[in-house]
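J.: One structure, pasted below without further comment.
Taken together, the values in this text are just the output of simple stated rules run on the coordinates, not laboratory data. Bear in mind the structure is a predicted one, so any value in this text is a computation, not a measurement. As a convention, Cβ positions derive from the backbone with ideal geometry for all residues, glycine included, and neighbour counts pool all protein chains shown.
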Amino acid sequence: MPARWLELSVQAQGPVQDTIANFLVENGSTGVVCGERSLRAFFPEAVDDAALRPVVRHYLRGLRDIFPGGFVGRTRWRVIAEKNWHDGWRDHFKPQKIGKRFLLTPPWIRPKDTRRHTVLIEPAMAFGTGTHETTRCCLEFIDELCAEAVPAKALDVGTGSGVLAVGMARLGVREVLALDNDPVALEAARANLRLNGLDRAVTLSGTSVGRVRRLFPLVVANIILETLVELAGPLSRRVSTKGALILSGLLHDHVPAVVPRFPGFRLEQHRQRKEWSTLLLRKES
């Protein structure tokens, strides 16, 4: 563990936060905390500070042109001690009740509420900790679908931290296949599966959804718009007849462009949270 950390604070809100977070992780950040109007990224002391700062400054300046409706304001850099980083990081993550039956919590907090299905997630990387609106809405739909009838198997495309795969396994789905083409995400998902004692219940794979040949009564894809559109065909083919397809990672104005990409599906529910949309589609044929 580094003795000191470099902390970057950026005033930013809206969808641009996710874009910034991904960029910072790709450039050495070991964790990003997103708030309502700002985000904080942490870099180990080994990072080349002098080289990093102009790269970030140039990137953020470009984002102001790409996201005219997304606020990107001032930045602040500071060096913090390990203890302050450790305590400050953990202060941002508390147990959260999601839907009627989930309780998401970091591993250092053991919940007293045993009536809910506990999902332990280590918020060490920007791969879905349950705090984002898209993740929460996906979990809510999963909860509601499994309350009606627990599917025998499910497919999670773009699993990230593995939070959705863990949630499905917790609710009794016997076979969960979780896919991601990012080896760092797979490593994070594998660690979270071990935390939850589900490393044998969920199968992780770096293969593409196009190479999967099985059918699933439940398929979930919480990914960015461009990838969702690109994978519309393979995703559609993996859903069994009368099966459910949960799509997320969408802004509200993306929905009209996405739904027609899935012919043979009926839009069953459309859930909106802040600027984000999550869709529940049902395959009719």
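J.: May I ask you to compute the full-extension gain from residue 112 to residue 57, defined as 0.36 nm times their residue separation minus their alpha-carbon distance, rounded to one decimal in nm? Write down the numbers at each step before the final one.
T.: On the way: separation 55, 0.36 × 55 = 19.80 nm, distance 4.42 nm.
Contour length minus Cα-Cα distance gives 15.4 nm.
J.: Average projected area of the Cα convex hull of the chain, in nm²?
T.: Working: hull surface 59.1 nm².
Its Cα hull, projected and averaged over all orientations, spans 14.8 nm².
J.: Considering the Cα trace of region 31-73, what is its radius of gyration and what is Dmax, both in angstroms?
T.: Answer for region 31-73, Rg first and Dmax second: 12.2, 35 Å.
J.: Cα-based Rg (one decimal) and Dmax (whole number) for region 153-225, in Å?
T.: Looking at region 153-225, its Cα Rg and Dmax stand at 11.0, 32 Å.
J.: Additional query: How high is the relative contact order of the chain, in percent, counting Cα pairs under 8 Å that sit 6 or more residues apart?
T.: Working: 549 pairs, mean separation 37.6, N = 285.
Here the relative contact order equals 13 percent.
J.: If you line up the Cα atoms of region 143-285 on their principal axes, what length do they span on each, largest first, in Å?
T.: For region 143-285, the Cα extents along the three principal axes come out at 39, 32, 30 Å.
J.: Please list, by residue number, every one of the GluC sites (Glu not before Pro) in region 180-285 that is coil in DSSP and has at most 11 other beta-carbon atoms within 10 Å. Mind dumping the intermediate values first?
T.: On the way: sites: 187, 226, 230, 268, 275, 284; in loops: 275, 284.
In loop regions of region 180-285 (DSSP not H, G, I, E or B), the sparsely surrounded GluC sites (Glu not before Pro) are 284.
J.: Here's another thing I want to ask about it. What trypsin sites (Lys or Arg not before Pro) does region 1-57 have in DSSP loop regions with at most 15 other beta carbons within 10 Å?
T.: Details: sites: 4, 37, 40, 57; in loops: 37.
When the trypsin sites (Lys or Arg not before Pro) of region 1-57 are filtered for loop state and at most 15 Cβ neighbours within 10 Å, 37 remain.
J.: Label points 7 Å out from Cα along the Cβ direction at residue 11 and residue 275: separation in nm?
T.: It works out to 1.6 nm between the two label points.
J.: Also: Would you look at the GNM of the chain, springs on alpha carbons closer than 10 Å, and say which of 216, 141, 23 moves the most?
T.: 23
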